[in-house]
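First comes the structure, then the notes that go with it.
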Amino acid sequence: MQYDETNTAATRDAADDKHAWHVMRAPVERRKGGAARRALSLALQGGGSFGAFTWGVLDHLLDSDRFEFDAVSGTSAGAVNAVIFANGLTQGGPEEARRQLEHFWRRMSHSAPISPFGRLGHPAAAAALEISTLIFSPYQFNPLGVNPLREFLADEIDFARLRRESAVRLFIAATRVADGRLRLFREDEITLEAVLASTCLPLLNHAVEIDGDWYWDGSFTANPPLRPLAIDGKADDIMLVQVTPEKYDEVPRFSADITRRVSQITSNSLLHKEIELLYDMVELCRGEGIFDSARCRKLRRLRLHRIAAGDAAEGLAQASALDLDWSFVARLRDSGRKAAAAWLADAESRKAGEA
């Protein structure tokens, strides 16, 4: 397995890490007229309004018309982006997917719900709500379990059609409350409740019931899922869009900042452990000739690429993932577009240099 450190600022020195980082190689598919397209799977990390960065990345990848998308995994906001992406591709192709993603994020920002502290489209209100969750549970401040995302998704997504004929395979993560285990919902299982389960922050939302089990946000168990893309996916290349910041410049002093930083560390820790597990699986396949199975051959060809919001959007580590102010959402979208464009330009440049 090879890795591409696509934060675009710099390529990780292989001496600093046991992984080697490489760019996407030659195209695996060719369209009529000779235009090359690459098979690509997507792993979309969750992170509330930071998912607008992922929207920007997806928008540019779709606009480039360089890829055949195989499978998409997502958690929380990543799950929302994943199902809207799949819904748009299924209904009308890349342009429709772009249109639906923009429509959803604009609607989410412009219709940001009213909290006891004001409209959540305002950063101060988002910060106040974060603090309130340390004192009150959603069963206290929202006893009816009102979730605006339910209405938005019900309006935007044709779940029945997705289950029948999704243009891409889907892997949506949720966490079962009873035993803390990961539940992966695949495309033929995707429902409104499954996506709401993946986005269910227990300090903000009531748990979601599916078939007698209760679920919370998938970020507690996989953020985002990588193994199903590596093992079950057909594409040899996986693009990880990481929206949770890894670096924090100072020690947080206030409760809300400490809670936010703990959440960031936990989320990325799960991601790193899953990458390490994939690496160990590849090493096992390489080390023993007897493991020359189709799965091992697939894993040896695997290339993992990364675009990270924390490297492209300044000040993200201190921002609130509840902030739906349009200026903030649009800034993240634009940062995602630029990061994806830089990644593509860098990949093409390196490929040309190797030719």
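The values are calculated or read from the model by the stated rules, or taken from the named source; none is laboratory data. Since the model is a prediction, treat every value here as computed from it, not as a measurement. FYI the Cβ positions are ideal-geometry reconstructions off the backbone, even for glycines, and counts take in every protein chain you see. Calculation scope for accessible area: heavy atoms of the full protein, side chains included, ligands and nucleic acids excluded. Shrake-Rupley method; radii C 1.70, N 1.55, O 1.52, S 1.80 Å.
Kindly indicate which of Ala340, Ala347, Ala352 is touching an Asp or Glu at 6+ places or on another chain (Cβ under 9 Å), part of a helix (DSSP H, G or I) and either modelled with pLDDT under 85 or among the acidic types (Asp, Glu) (or both). Step by step, each of Ala340, Ala347, Ala352 is checked, and only Ala347 is touching an Asp or Glu at 6+ places or on another chain (Cβ under 9 Å), part of a helix (DSSP H, G or I) and either modelled with pLDDT under 85 or among the acidic types (Asp, Glu) (or both). Is the stretch 265-273 home to any residue that is of a type outside the set (Lys, Arg) and either over 29 Å from Ala235 (Cα atoms) or more than 18 Å from the chain's Cα centre (by Cα) (or both)? Checked the stretch 265-273: at least one residue is of a type outside the set (Lys, Arg) and either over 29 Å from Ala235 (Cα atoms) or more than 18 Å from the chain's Cα centre (by Cα) (or both).
If the condition is being closer than 23 Å to Thr199 by Cα and either among the aromatic types (Phe, Trp, Tyr) or part of a strand (DSSP E or B) (or both), then the stretch 239-270 contributes Met239, Leu240, Val241, Gln242.
Restricting the stretch 223-238 to residues that are in a loop (DSSP other than H, G, I, E, B) and under 14 Å from the mean Cα position of the chain (by Cα), the residue that is surrounded by the most Cβ atoms within 10 Å (Cβ to Cβ) is Pro224. Residues of the stretch 239-260 that are surrounded by fewer than 13 Cβ atoms within 10 Å (Cβ to Cβ) and aromatic (Phe, Trp, Tyr): Phe254 alone.
Out of the residues in the stretch 178-212 meeting the condition of being open to solvent by 60 Å² or more (accessible area, probe 1.4 Å) and touching a strand residue (DSSP E or B) at 6+ places or on another chain (Cβ under 7 Å), tell me which one is nearest to Asp280 (Cα to Cα). The selected residue is Leu182.
Selection over the stretch 165-188 of residues that are of a type in the set (D, E, K, R), out of contact with any helix residue (DSSP H, G or I) (no Cβ under 7 Å at 6 or more places or on another chain) and farther than 23 Å from Leu62 by Cα gives a count of 4.
Of the residues that sit in the stretch 312-324 and are within 26 Å of His103 (Cα to Cα) and in a helix (DSSP H, G or I), which one is least open to solvent (accessible area, probe 1.4 Å)? In this case the residue turns out to be Leu316.
In the stretch 162-182, the residues that are under 20 Å from Ala222 (Cα atoms) reach residues that are β-branched (Val, Ile, Thr) and in a helix (DSSP H, G or I) with C-beta atoms within less than 8 angstrom, at least six apart or across chains, in these pairs: Leu170/Val83; Ile172/Val83; Ile172/Val195. Within the stretch 325-341, one or more residues are farther than 17 Å from Val57 by Cβ and buried (at least 17 other Cβ atoms within 10 Å of the Cβ).
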